[in-house]
Amino acid sequence: LCDLAIGILRRQQVRDRIPFLLPQGVGVAHKTGELPGVRHDVGVVFADRGPLIVAALTKDFATPLGQGLSGGEASTLIAEASRLAYDSVTGA
């Protein structure tokens with residue numbers, strides 16, 4: 001059942017978050033989520049040195065001018081955090 005679940009998560013079609021900035025060929029099994037004002041992604045990054053678990057949850061937080069983080073900016077923030085985590089584990 002675990003292999004089945006990982007297989008389903010590997011086929012995630014929304015790729016603008018955890019896997020977006022990772023090197024080509026790095027396997028990712030993840031599940032995105034979004035509602036108005038929130039954007040999330042949780043998953044497993046299959047690095048050469050072992051699996052890396054990434055959980056990124058964003059909420060439309062306010063800037064000093066009262067403007068919130070856009071969905072695209074939230075996705076980019078998740079992608080950047082994922083890449084930083086990957087680089088720290090792999091030494092890239």
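A short reminder: the numbers here are calculations on the coordinates, not readings from a lab. Quick caveat: nothing in here was measured; it's all calculated off a predicted structure. Reconstructed Cβ throughout: ideal geometry from the backbone, glycine too, with neighbour counts over all protein chains shown.
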Options [x] 15.6; [y] 12.6; [z] 13.7 for Kirkwood radius over Cα pairs in Å; the value derived from the coordinates is listed as [z]
Starting from the 7 Å offset along Cα-to-Cβ, what nm value, one decimal, do you get for the label separation of residue 80 and residue 34? 1.8 nm
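Net charge within 12 Å of residue 44 by Cβ-Cβ distance, Lys/Arg positive one each and Asp/Glu negative one each, not counting residue 44 itself? Write down the numbers at each step before the final one.
Working: positive: 10, 31; negative: 41.
Residues close to residue 44 contribute a combined charge of +1.
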When only C-alpha pairs under 8 Å and at least 6 residues apart count, what is the relative contact order of the chain, in percent? 27 percent
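Per residue of the chain, what 222 nm ellipticity follows from adding -39500 (n - 2.57) for every DSSP H run with n ≥ 4, rounded to the nearest 500? Mind dumping the intermediate values first?
Details: 2 runs with 29 residues, N = 92.
Rounded to the nearest 500, the figure is -10000 deg cm²/dmol.
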Can you give me the angle between helix 71-90 and the longest principal axis of the chain, using Cα atoms only, in degrees from 0 to 90, rounded to the nearest 10? 40 degrees
Taking R0 as 35 Å, what's the FRET efficiency between residue 6 and residue 59 from their Cβ-Cβ distance, rounded to 0.05? 0.80
